[in-house]
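First the structure, in the form of structure tokens, and then the observations on it.
Rule-based calculations on the coordinates, nothing more; no lab input. Everything quoted here is computed from the prediction, not taken from an experiment.
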Amino acid sequence: MVMFLFLVVALAVVVAAVTLAVVGGGEGRGPLAEAPPELVYDPLPADRPLGRADVESLRLPVTVRGYRMADVDDALGRLGAELAERDARIADLESALAGARAAAAHVRLAKPEAEDQQ
């Protein structure tokens, strides 16, 4: 019986100590401070195009229910914009290459005709 009473008192002391620590212990410190949210410490560089190493080194902060949606949305938006820009650049270069090849083929076809007339 004495052991039971000791355990009940010990439990009450522990509960009271935790409650005081959470809501403020009366020492003027107030309740426990909120933990600052994790942020992306090394975000994607804004001053240059992204590279493979940038994407591989990106570490998104984890929260209670997964990743912070705002950080994920920002990273995916930036990656999408970079990919769209590169796709447009590739299409422009392929178009310019096709035009240069067509012009070179036209010049080759025009040369033999010029030699025949001489």
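For region 38-117, just list the percent of Cα-Cα distances falling in each 10 Å bin from zero outward, please.
All Cα pairs, binned at 10 Å, distribute as 15, 29, 17, 13, 11, 9, 5, 2, 0 percent.
Search the structure for amide H atoms under 5 Å from the amide H of TYR67, placed 1.01 Å from N in the peptide plane, and list their residues when 5 or more places away or on another chain.
The list, which skips near neighbours in sequence, is empty: none.
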